[in-house]
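Undergrad: Below is the structure I would like to discuss, written out as structure tokens.
Derivation of every value follows stated rules applied to the coordinates shown; laboratory data play no part. Not measured: the values here are computed from a predicted model. Note that we place each Cβ from the backbone using ideal geometry, even for glycine, and neighbour counts take in every protein chain shown.
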Amino acid sequence: MKTVFKRTPTLKNCPTHYCPGCGHGVAHRLIAEVIDELDIRGRTIGIAPVGCAVLAYDYLDVDMVEVAHGRPPAVATGMKRTNPDKIIFSYQGDGDLASIGAAEILHAGHRGEQITVIFINNAVYGMTGGQMAPTTMLDQVTATTPEGRTAAEQGYPLQVSELLATLPGAVYIERCALSSAARIRQAKKAIKHAFELQLSGAEGLSLVEVLSSCPTYWRMSPAKALEWIESEMTKVFPLGRLKG
Amino acid sequence: MCGNEALAEAAILAGCDAYFGYPITPQNEVPAYMSRRMPEEGRIFVQSESELAAINMVFGASATGKRAMTSSSSPGISLMQEGISYLAGAELPAVVVNVVRGGPGLGNIAGSQSDYFQATRGGGHGDYRTIVLGPASVQELVDCMSLAFDLADQYRMPVMVLIDGILGQMMEPVVLEKKPRRKLPAKEWALTGAANRKQNIVRSLWLGEGVLEAFNKKLLDRYEQIQKDEVLCEQYEVDDAEIVVIAYGVVARIVSSAVDKAREEGIRAGWIRPVTLWPFPTEQISRAANELRIFLTVEMSNGQMVEDVKLAIAGKAPVVFYGRPGGGVPTVDEILDQIRQLTLKSEIKT
């Protein structure tokens, strides 16, 4: 029988702790495949965030560090500046990157750090129990917006990628989604391009925002959650290349 | 050389690969010096967007096995406490210099010793310790820098060099030379890319039942080893002393002059100067308290190290405190007056 699909070696052969329908597992696989296709496992260092993906090192078989909430871009700066030959990537959620770590990502981009950021936007805080994130949609009900988010009370969803795209120090920014097979293939292309840019010594930040589902805290079935990415999230977070 | 520039050059001699920092008075000479000298040496200097970022850049460089440091002053060090706790939790070496200024809050920019509690009690969250070195001269500061990098690497933990704005700004002649390193363990844990080996993970999260407790106990064993092996302190004329003055940093130099004057007046005075503030010279001070004598602790604060002195003496002898907080500097005459009054009282008692 011909093998048409198999687990890539950098993705560990183990079950994840993620909820059914969560996008993290898919995002991990894409990163692992890209690392193996580019043959850079031996020179890659990953940074796990605080949030649901804090245990990413249990699934990705590369050297990894787990750091304080929001600080991955600063940690990545320290790593890349002292190890220009290494490939440094951070994996961050919306709370980590867009809220508590807004200063760190902004200034890493501003300085044009030669790092790759995978930014998982699922419009909610997952690990702490479904609270509002800066990227939470208007009217979205969360643990801390029981009546739904309103612009007057909590502001509009924060479009971080658009904001970062204004920085001369950002060389590549693309927003993708994990809502269908075609979208997942496009997300992999974007992730691969971001790593390739770092490999080629491109002078600046490469970031891929990935719209990802959280059926548990969206209170939806996994299938419905994927539909919601397409029908609702992409209206506020349009897909496509924003820079580079 | 001023203390701030001298410590920067000493760090370079000690093999510091990377410096990350944010401007704050009275330590601005450190980043300014490093911004020129580190690139000359082919090493890394980055001015960070905040002290939070600076300590995390140190964290990143250290996680890859490099020697990294930062410096700041009190309000900035408060911001770094998160990172220092994570460094302790992830068992990463780092050197942090605190050129202390008066507080709380924005305080002022004069030298002070008001961060002793924060430095020696951890400052950040969790059950951890940092080694704290409190040099008293620019030369000793220079010597402490290579020691700090060695201790950090040997014990895999953050080491703080605690000086104050006076020592940072003070100019003194110094001998700068490359010191031989201690015999240090190889950094097999470092993140260098998992080429031809298993994945390395640097982490501080231990969720399994009892796992963190076991980790905390491992740290405790290490801390007890440090308390046994790494205490540094200096003593002067303690054996026959009726009064022993305890002080660290630049205050100890003022105390030394006051004690000499007291001796000239026939008062049997001596002093003890802790160089390591953690581990604290508990045994040395406790031994000194086996004889009947008075202890006077002098600090540029409202009284912080004096608590460690009292713990060491454990009620065996009277402990008196004299302090000048908020940037005040005790004079030789002020300390001498204290010594005179206390010895007079002890004569009346006996």
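Undergrad: Below 8 Å, C-alpha to C-alpha, sequence gap of six or more: please give me the relative contact order for chain A in percent.
TA: 20 percent
Undergrad: For each of A:TYR18, B:TYR22, count neighbouring Cβ atoms within 10 Å of the residue's Cβ, then give the residues from fewest to most.
TA: Ranking A:TYR18, B:TYR22 by Cβ neighbours within 10 Å, fewest first, gives A:TYR18, B:TYR22.
Undergrad: List, in order, the whole-Hz ³J(HN,Hα) value for each residue of the stretch B:309-324 obtained from phi through the Karplus relation with A = 6.51, B = -1.76, C = 1.60 and θ = phi - 60°; use x for Gly and Pro.
TA: Each residue of the stretch B:309-324 in turn: 4, 5, 4, 5, 7, 6, x, 6, 8, x, 10, 10, 10, 10, x, 10 Hz.
Undergrad: For the stretch B:233-349, what does the equivalent ellipsoid look like in terms of its semi-axes, each the square root of 5 times an eigenvalue of the Cα gyration tensor, given largest first in whole Å? List each step's numbers first, then the result.
TA: Working: eigenvalues 67, 61, 33 Å².
The answer is 18, 17, 13 Å, longest axis first.
Undergrad: Give the angle, between 0 and 90 degrees and rounded to the nearest 10, that separates the Cα long axis of helix B:29-40 from the longest principal axis of the Cα atoms of chain B.
TA: That works out to roughly 40 degrees.
Undergrad: Using only alpha-carbon positions, what ratio does the radius of gyration of chain A give when scaled by 2.2 N^0.38 Å?
TA: Relative to the rule-of-thumb radius for its length, chain A sits at 0.95.
Undergrad: Shifting gears a bit: Among the listed pairs A:LYS6/A:LYS224; B:LYS66/B:LYS217; A:LYS80/B:LYS218; A:LYS12/A:LYS243; B:LYS179/B:LYS310; A:LYS192/B:LYS198, which have their C-alpha atoms separated by more than 29 angstrom in this model?
TA: Those over the limit are A:LYS80/B:LYS218; A:LYS12/A:LYS243; B:LYS179/B:LYS310.
Undergrad: Now for a separate question. Give a residue-ordered list of calculated ³J(HN,Hα) values for the stretch B:262-273 (Karplus: 6.51 cos²θ - 1.76 cosθ + 1.60, θ = phi - 60°; whole Hz; x for Gly, Pro).
TA: Result, ordered by residue: 4, 4, 4, 8, x, 8, 7, 10, x, 9, 10, 10 Hz.
Undergrad: Given the options B:VAL100, B:VAL250, B:TYR128, identify the residue whose Cα lies farthest towards the positive end of the charge dipole of chain B (+1 on Cβ of Lys, Arg; -1 on Cβ of Asp, Glu).
TA: B:TYR128
Undergrad: Along Cα→Cβ, 7 Å out, is where each label goes; now give me the distance between the ones at A:GLN131 and B:ASN108 in nm to one decimal.
TA: Distance between label points: 4.0 nm.
Undergrad: So for A:THR10, A:THR116, fewest C-beta neighbours within 10 Å to most, what's the order?
TA: Exposure proxy ranking, most exposed first: A:THR10, A:THR116.
Undergrad: Give me a comma-separated list of calculated 3J(HN,Hα) values for the stretch B:107-113, in order, Karplus coefficients 6.51, -1.76, 1.60 applied at θ = phi - 60°, integers in Hz, x for any Gly or Pro.
TA: x, 9, 10, 7, x, 7, 10
Undergrad: Any number yet on Rg/Rh for the protein assembly as shown, C-alpha, Kirkwood?
TA: On the Cα set of the protein assembly as shown, Rg over Rh gives 1.06.
Undergrad: Hey, another quick one. May I ask you to derive the relative contact order of chain B, considering only C-alpha pairs under 8 Å and at least 6 residues apart, and to give it as an integer percent?
TA: 17 percent
Undergrad: On a 0 to 90 degree scale, rounded to 10, what angle separates helix B:332-349 from the longest Cα axis of chain B?
TA: 50 degrees
Undergrad: Can you compute the helix-only [θ] at 222 nm over chain B? Use -39500 (n - 2.57) per DSSP H run of at least 4 residues, normalise by all residues, nearest 500 deg cm²/dmol.
TA: Theoretical 222 nm ellipticity from helices: -13000 deg cm²/dmol.
Undergrad: Obtain the nm distance between the two label points defined at B:ALA314 and A:LEU138 by a simple spin-label model: each point lies 7 Å from its Cα along the Cα-to-C-beta direction.
TA: With each label point 7 Å from Cα toward Cβ, the separation is 6.9 nm.
Undergrad: Can you give the calculated 222 nm mean residue ellipticity of chain A, where each DSSP H run of n ≥ 4 adds -39,500 (n - 2.57) and the sum is split over every residue, rounded to the nearest 500 deg cm²/dmol? Working shown, then result.
TA: Working: 8 runs with 74 residues, N = 244.
Value at 222 nm, helices only: -8500 deg cm²/dmol.
Undergrad: Also, I was wondering about something else. Compute the distance in nm between two label points, each set 7 Å from the Cα along the Cα-to-Cβ direction, one at B:ARG182 and one at B:GLU41.
TA: About 2.0 nm, to one decimal.
Undergrad: Tell me which residues come under 5 Å, amide H to amide H, from A:MET127 once H is placed; ignore anything under 5 positions away on its chain.
TA: A:CYS52
Undergrad: What does the average come to when, for each residue of peptide B:42-55, you count the partner chain Cβ atoms lying within 10 Å of its Cβ?
TA: What the average comes to for B:42-55 is 5.
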